[in-house]
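Student: Structure in structure tokens, see below.
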Amino acid sequence: MIYCLISLLTNEIINLETIFNLKMNKVEIDKIYNKNCIDGMKLISKNKIDLVITDPPFAINFKAKKANYNRTASRVLSGYNEIKPENYYDFTFSWMSEVFRILKDSGSMYVFSGWNNLKDILRALDDVGFVTINHIIWKYQFGVVTKKKFVTSHYHCLYVCKDDKKRKFFPFSRFKQGDKSPDGRSLHYRDKEDVWDIKREYWSGDEKTPTKLPSEIIKKLLEYSSEKKDIVFDPFLGSGQTAVVSKSLNRRYLGFEIVPDYYKFAKKRLDKDLYRIKKSK
Ligand SMILES: C[S@@+](CC[C@H](N)C(=O)[O-])C[C@H]1O[C@@H](n2cnc3c(N)ncnc32)[C@H](O)[C@@H]1O
């Protein structure tokens, strides 16, 4: 009887503590918000986030018009919020400063970037105070065909942290030390090389936003740099890939998206636990 009472009380205290911890001012975790991320992050107290995975706007005058996507025009949601190239460094410095504040000391961030504005991303990371751990290259298939120059078919992914001694990294979360491929090569070594050849996902017949990260990349980053129940944050959600994959791997999620249609699409995917959504006719 006494044992039951003690365990009931302890559980109650744990529950209260959980609710208290989950409520970060006006922003709650396991939710996403249709908000400018710089304003949104100001509502989050410092040292709350375990991992950030993000793919900010490109600043290359990218226009997400349905007409740009000939084959599947009617299924691509339009409205991508772009940043002017001349404002890109200031914009980048602002959102990165907020990320730095809300990240735990043990936390880390992966930022994707094309090569065009990479210099602003690298400069802002240094100026804000992040420590750079790796510079990963993601090689994808089907770059835009060009006549008089080489075809761009890679993205950069900067792996950074606040404190190199405290950051989490789980080197054998995907392959054990002795795991070998049929040709005798070490699988964990190969998986940890910093050039990743990962295919883009083509969602023919389904609703989509113009740019999205493949789930395979997000899964890989989550497995190396987070644990179950960790809070994973994406300030630029787009289709919601970071949140959707985090939820499927039992991580908690949080994020912002400024374009209402993209936010609604991401929310629908999360609420219905659907990875892909058929476009209704
Ligand atoms: C490159 S996309 C992200 C794609 C995403 N990683 C995915 O897999 O779907 C960048 C997104 O940031 C959004 N965005 C731009 N400025 C924003 C801001 N200040 N706050 C929140 N979202 C913003 C854009 O509308 C766009 O959807």
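Student: How many residues are within 19 Å of the chain's Cα centre (by Cα) and not basic (Lys, Arg) if we restrict to the range 129-162?
Tutor: Narrowing the range 129-162 to residues within 19 Å of the chain's Cα centre (by Cα): 130-140, 154-162.
Still in the running and not basic (Lys, Arg): 130-138, 140, 154-161.
Going through the range 129-162 one residue at a time, the tally reaches 18.
So that you can scan it fast, the table gives a plain yes or no per residue for (1) crowded, with 20+ Cβ neighbours inside 10 Å; (2) assigned to a strand (DSSP E or B); (3) on the phi < 0 side of the Ramachandran plot:
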| site | (1), (2), (3) |
| --- | --- |
| Thr242 | yes, no, yes |
| Asn250 | no, no, no |
| Ile258 | yes, no, yes |
| Tyr263 | yes, no, yes |
| Leu274 | no, no, yes |
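Student: What number of residues within the range 26-61 are over 21 Å from Ser108 (Cβ atoms) and assigned to a loop (DSSP other than H, G, I, E, B)?
Tutor: 11
Student: Further question: Being modelled with pLDDT of 60 or more and more than 22 Å from Val128 (Cα to Cα) is the filter; apply it to the range 52-74 and report the residue that is farthest from the ligand (Cβ to nearest atom).
Tutor: Asn61
Student: Still on this structure: Specify the residue that is nearest to the ligand (Cβ to nearest atom); the eligible residues are those in the range 204-220 that are surrounded by fewer than 16 Cβ atoms within 10 Å (Cβ to Cβ) and over 15 Å from Val244 (Cα atoms).
Tutor: Asp206
Student: Now a separate question. Out of the range 224-281, which residues are β-branched (Val, Ile, Thr), within 10 Å of the ligand (Cβ to nearest atom) and more than 14 Å from the chain's Cα centre (by Cα)?
Tutor: Those that are β-branched (Val, Ile, Thr), within 10 Å of the ligand (Cβ to nearest atom) and more than 14 Å from the chain's Cα centre (by Cα): Ile258, Val259.
The values are calculated or read from the model by the stated rules, or taken from the named source; none is laboratory data. Remember, predicted model here, so these are calculated numbers, not experimental data. Quick reminder, even Gly has a Cβ in these numbers, built from the backbone with ideal geometry, and neighbours come from all protein chains shown.
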